[in-house]
Amino acid sequence: MTSHFGPSMRNAISAGLSDRAFSASSATPGVQGSRSLPDSQTPQSGRTTPPVDIWRDCYALTFPERPNSDRSRQFLAVIEAIRRLAKMDPNHDWHVDEKTASTSEKLIATLNFNYSGAAPKIFPHEGDTLVLTWESPRIKRLLSISGDEFELIDIDKLSRVKCDHLLQIDTPEKFNDWLSKLGGAPSSRSDLEGNAP
Amino acid sequence: MRERINRGVQKTQMAFRGQIIQFAWFLHSIDDVHAPSMFNQFWGADPDLAQTNRAPGPANPFLSIAGTSHNGVLRQIQVQPGRVDLVVNAELSDDPEKAFANLFNYEAELYDISTRLKVADNPLKREATRLSTVVTMLEPVGSYTAAAKRFFDFSGFKTKAPNLSDLGLQLNSRKTVDGVDINRVVGLSVFGVQVFSLSMSPGVAQTSMSPSVLFAARRMFDFNTVPDGRTLKIKDQLPIFDALVSEILRVSASGTLKSLES
């Protein structure tokens, strides 16, 4: 996949602007709908050049084109990081193979849009394993992903006791229960603005 | 479905107009889903704007996005990890004093989208983990007080407290439709807009602001299937979308939150 547009267009899109907004911002003075300046601000050349309201169209009524919650941004930062790890030199210690990256991304995207919990943190592991971590005041949860295999461990921070979970996801109910363990309660909202609790 | 939508059209209070409509498919895998081709398949024309992105991140979450703006309404297909969205979005009007001029007839748009989904035989032919339809509608009014009245009328909430502001209500009522659990999230609020413009001419930059705040009563209906670990088969998806649309039209047309009791 390649980007068809330069940074300006990408920024315009990511800022939630319409394509008309971008057209207006790149237009030259004199476009239709421009306003006149007060006399005191007439350009010194003597030629009256109507100004351009370059941001006039930039205000979409809302901004459904990008996540605007800190929570969504954190999930997307994790996905972006995983993609970059997958692109690293295969000999690099932090390299993650494509299968592991793909599995991780799908899981994180599912948790982002369907559950209400916090985003995990990541650290690469030897042997192309990726580890996702969630922390509460008492428990640290680690999910190791290698290819399409998972291993879940809880560590009590005080006692250092470890608990290995057997992941059985042979029914939808068990799968949902497992996702809920990682992602918290199922979210009720689904719109792009409100996917954060 | 068509009859149910038509009944909704007849009953719905036409003062409210559409701001955003969104149909979303939540997927485990969005491999090989390309927004421009889906846009063409769904709306029958190439998009005016198309972008693909190798590494989506917080600044630009999309793997691909395609859209066309026509008569102040932007139609888009958005693809990002975990979901594909079909979006219809009213743009702010060119005239700051008529900011809401591009609001659209949401019932006609819902009918159009539902019809196109059938004609295209569901353009996204893959199992989904969740489906969603969201309709946000506005009724432009002359004052905050008038918008507040719409809020009170729909919510049933009453108060004689003076100088009210910051009105907002959101609730969810689950319902089982044809064996599928759905969330019915309804949000009510008062929406205000004031337009700022940055004018540029050689050597001069000037900001201006529309003299008044424009108000609207806002209703948001986010009806979606409950994520329960099951996958929704392709053949079941259009009936589920039909059910979501019908339920949104029924609740919005009722003019009261009491409609969530059934």
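The values are calculated or read from the model by the stated rules, or taken from the named source; none is laboratory data. Not measured: the values here are computed from a predicted model. Please note: Cβ atoms are built from the backbone with ideal geometry, for glycine as well, and neighbour counts cover all protein chains shown.
Within segment B:23-65, the residues that satisfy the criterion of being more than 7 Å from every other protein chain (Cβ to nearest Cβ) and within 17 Å of the chain's Cα centre (by Cα) are B:Phe23, B:Trp25. Looking only at residues that are among the aliphatic types (A, V, I, L, M) and in contact (Cβ under 8 Å) with a residue 40 or more places away in the chain in segment B:109-122, which one is surrounded by the fewest Cβ atoms within 10 Å (Cβ to Cβ)? By that ranking, first place goes to B:Ala120. Within segment A:123-140, the residues that satisfy the criterion of being touching a strand residue (DSSP E or B) at 6+ places or on another chain (Cβ under 7 Å), over 12 Å from A:Ala101 (Cα atoms), in a strand (DSSP E or B) and modelled with pLDDT of 90 or more are A:Thr133, A:Trp134, A:Ile139, A:Lys140.
Residues in segment B:81-95 that are of a type outside the set (Lys, Arg) and at the interface with chain A (Cβ under 8 Å from one of its Cβ atoms): B:Pro81, B:Gly82, B:Asp85, B:Val87, B:Asn89, B:Ala90, B:Glu91, B:Leu92, B:Asp94. The single condition among (1) among the aliphatic types (A, V, I, L, M); (2) touching a Cys at 6+ places or on another chain (Cβ under 8 Å); (3) at the interface with another protein chain (Cβ under 9 Å from one of its Cβ atoms) that A:Leu179 does not satisfy is (2). What's the total number of residues in segment A:141-197 that are among the charged types (D, E, K, R), at pLDDT 85 or above and surrounded by 14 or more Cβ atoms within 10 Å (Cβ to Cβ)? Residues flagged as among the charged types (D, E, K, R), at pLDDT 85 or above and surrounded by 14 or more Cβ atoms within 10 Å (Cβ to Cβ) within segment A:141-197 amount to 4. The set of residues from segment A:88-121 being closer than 22 Å to B:Thr129 by Cβ, more than 14 Å from chain B (Cβ to nearest Cβ) and in contact with a Gly (Cβ under 8 Å, 6 or more places away or on another chain) comprises A:Thr100, A:Ala118. Taking segment B:121-185 as the region of interest, the strands (runs of 3 or more DSSP E) fully inside it that hold 3 or more residues being within 14 Å of chain A (Cβ to nearest Cβ) and within 30 Å of B:Trp43 (Cβ to Cβ) are B:130-141. Just one of (1) part of a strand (DSSP E or B); (2) of a type outside the set (Ser, Thr, Tyr); (3) crowded, with 18+ Cβ neighbours inside 10 Å; (4) at pLDDT 85 or above fails for B:Phe191. It is (4).
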